[in-house]
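S.K.: Quick one: the structure is below, questions incoming.
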Amino acid sequence: MTGAPHLSDTAAAKLDLSDQDRCQHIRKPRWIGYGRSQEILGKLEDLLEHPLQPRMPNMLIVGETNNGKTMLVTKFREKHPASENPTGEAINVPVLYIQAPPGPDERGLYNAMLGRLFESAPRSESTDAKRDRVVAVLKRVNLGIIMVDELQHLLAGPYVKQRNCLNVLKYIGNELCVPIVGIGTAEAVRAIQTDPQLANRFTPEVLPKWEKNAELGRLLASFERVLPLRKPSRLSAPPLASRIADLASGTIGEMSALLNAAAIHAIKTGAEQITPEALTSCGYVPPSMRKQAASML
Ligand SMILES: Nc1ncnc2c1ncn2[C@@H]1O[C@H](COP(=O)(O)OP(=O)(O)OP(=O)(O)O)[C@@H](O)[C@H]1O
Ligand SMILES: [Mg+2]
C-alpha cells in the first residue's frame with residue numbers, strides 16, 4: 001500500500017479498517033522478532049536436532065517477569081506442532097511444553113505432562129506408577145524436547161521436595177535422552193546453581209532487560225511498523241525511545257502495553273502518531289507508580 005512507508009504491508013492494510021477495528025487489532029497478541037530472541041530460537045533448533053546421547057545438553061531461559069520468555073517458547077512450539085504419525089501407533093510430539101505445578105509437587109509434574117498428551121491416569125495411581133507411565137508414554141511419541149515453564153514454582157517450598165522435582169527432570173531427561181529446557185526467573189537459576197550436577201547440565205540463556213541502546217531502537221522501530229497509525233512517530237529516535245524505556249522499566253511486556261495504549265489514544269484523539277504527550281496521557285500506569293499505589297494502601 002502506498003502512503004504509509006512507515007508501516008509494514010499488513011499494518012498499512014489495516015488503515016482501511018474503522019477506528020474501532022484498528023484498536024481491536026492493536027490489542028491482539030503479536031510477535032516481533034528481535035536479536036536475542038532469534039539467537040535463542042536458533043539454539044532451541046540446535047537442541048531439537050541434537051543427536052541422541054546419554055547426557056543431553058539442557059537450557060535454562062531466564063529473564064524478568066513480563067520480558068518475553070513464554071512468548072519466545074510459544075513461537076518455537078508453533079513451529080513444531082504435534083502431528084499424526086502414519087507409521088506409528090501414537091502421534092509425534094516434537095516439543096512437549098508444560099507449566100510447572102504451583103509448588104514442588106512430583107505428581108503434579110507428571111499430571112501436567114500426561115495432561116498435555118491427553119493421557120488419563122487413575123487418581124489413585126502411585127507416584128512410581130505415574131513416573132513409569134510418563135516415561136512409557138513419552139517414549140512412544142518421538143519426543144524431541146521438553147520445556148518446563150515457570151520453573152521457579154518447583155523451587156518454592158521445602159528444600160527436599162525441590163530437589164526431588166529437579167531430580168525428576170534429570171531422570172526423565174536421561175531416561176528419554178531428550179534435552180530439557182527450563183524457563184523461569186532468576187530464582188530458578190539460583191536453585192539450579194546450588195546443585196553442581198544440574199548446574200553443569202543447564203546452560204543459562206538470558207533475556208536481559210532492555211537498555212537504551214541500538215537494540216532498543218530496532219525493537220521500537222519494529223513496533224512502529226506494526227502499529228497501524230497514519231503518521232510516523234519515530235519511536236526509535238532518542239527522545240521518545242528514552243522516555244519509553246524509562247516509563248516501561250525495560251521489559252518488552254511493559255513497552256508493548258505502553259505502546260498499545262498510546263497507539264489507541266492516538267487513534268481516538270485523531271493525532272495518528274505517538275508523541276511524548278500521548279505516552280503520559282494514554283492511561284498507562286507505569287510499574288513504578290503501581291508500586292507506589294500499593295504502598296499507599
Ligand atoms: N517478541 C515479542 N513481540 C511482541 N510482544 C512481545 C514479545 N515478547 C513478549 N511480548 C509482550 O510481552 C508480554 C509478556 O511476555 P511473556 O508472557 O512472554 O513474559 P514472561 O517473561 O513469560 O513473563 P512471566 O515470567 O511473568 O511469565 C506479552 O504478553 C506480550 O505483550
Ligand atoms: Mg511466562
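Read the figures in this text as sums done on the coordinates, not as results from a lab. Computed from a predicted structure; not experimentally measured. For neighbour counting, all protein chains shown are included, and Cβ atoms are generated from backbone atoms with ideal geometry for every residue, glycine included.
S.K.: Restricting things to alpha carbons, tell me how big segment 87-237 is in terms of Rg and Dmax, in Å.
M.R.: 19.9, 63
S.K.: Estimate the FRET efficiency between Ala186 and Glu119 by the formula 1/(1 + (r/R0)^6), using the beta-carbon distance for r and 35 Å for R0, to the nearest 0.05.
M.R.: 0.55
S.K.: Before rounding to the nearest 500, sum -39500 (n - 2.57) across all DSSP H runs of length at least 4 in the chain and divide by the residue total; then give [θ] at 222 nm in deg cm²/dmol.
M.R.: -15500 deg cm²/dmol
S.K.: Related question: Counting only pairs 8 or more residues apart or on different chains, how many lysine pairs in segment 50-207 have their Cα atoms under 29 Å apart?
M.R.: Value for segment 50-207: 14.
S.K.: Then there is this: Please get the size of the charge dipole for segment 50-207, origin at its Cα centre, with Cβ charges of +1 on Lys and Arg and -1 on Asp and Glu, quoted in debye to the nearest 20.
M.R.: Computed about the Cα centre, the dipole is about 160 debye.
S.K.: Here's another thing I want to ask about it. Going Cα to Cα from Lys268, which lysines come in below 27 Å? Please leave out same-chain ones fewer than 8 positions away.
M.R.: Lys14, Lys28, Lys231
S.K.: Mind giving me the FRET efficiency for Arg290 and Arg218? R0 is 35 Å, r the Cβ-Cβ distance, nearest 0.05 is fine.
M.R.: Taking R0 as 35 Å, the efficiency between Arg290 and Arg218 is 0.80.
S.K.: Now for a different question. Assign unit charges at the C-beta atoms only (+1 for Lys and Arg, -1 for Asp and Glu), then state the dipole size of segment 133-178 relative to its Cα centre in Debye, rounded to the nearest 20.
M.R.: Computed charge dipole of segment 133-178: roughly 220 debye.
S.K.: Pick out, from Ser126, Pro276, Val178, the residue whose Cα sits farthest towards the positive end of the charge dipole of the chain, with +1 on the Cβ of Lys and Arg and -1 on the Cβ of Asp and Glu.
M.R.: So the residue we want is Pro276.
S.K.: How many Å³ per residue does the convex hull of the Cα positions in the chain occupy?
M.R.: 184
S.K.: Another one. How much length would be gained if the chain were fully extended between Glu272 and Ile32, taking 0.36 nm per residue of separation minus their Cα-Cα distance, in nm to one decimal?
M.R.: The span from Glu272 to Ile32 would gain 84.3 nm if fully extended.
S.K.: Which one of Pro238, Val168, Gln99 has its Cα pushed farthest toward the positive end of the charge dipole of the chain, where Lys and Arg give +1 and Asp and Glu give -1 at the Cβ?
M.R.: Pro238
S.K.: Additional query: What length, rounded to one decimal in nm, is gained on full extension from Ser281 through to Arg55, with 0.36 nm per residue of separation minus their alpha-carbon distance?
M.R.: Using 0.36 nm per residue and subtracting the Cα-Cα distance, I get 75.9 nm.
S.K.: Hey, can you rank 6-18, 79-91 by average C-beta count inside 10 Å, highest first?
M.R.: 6-18, 79-91
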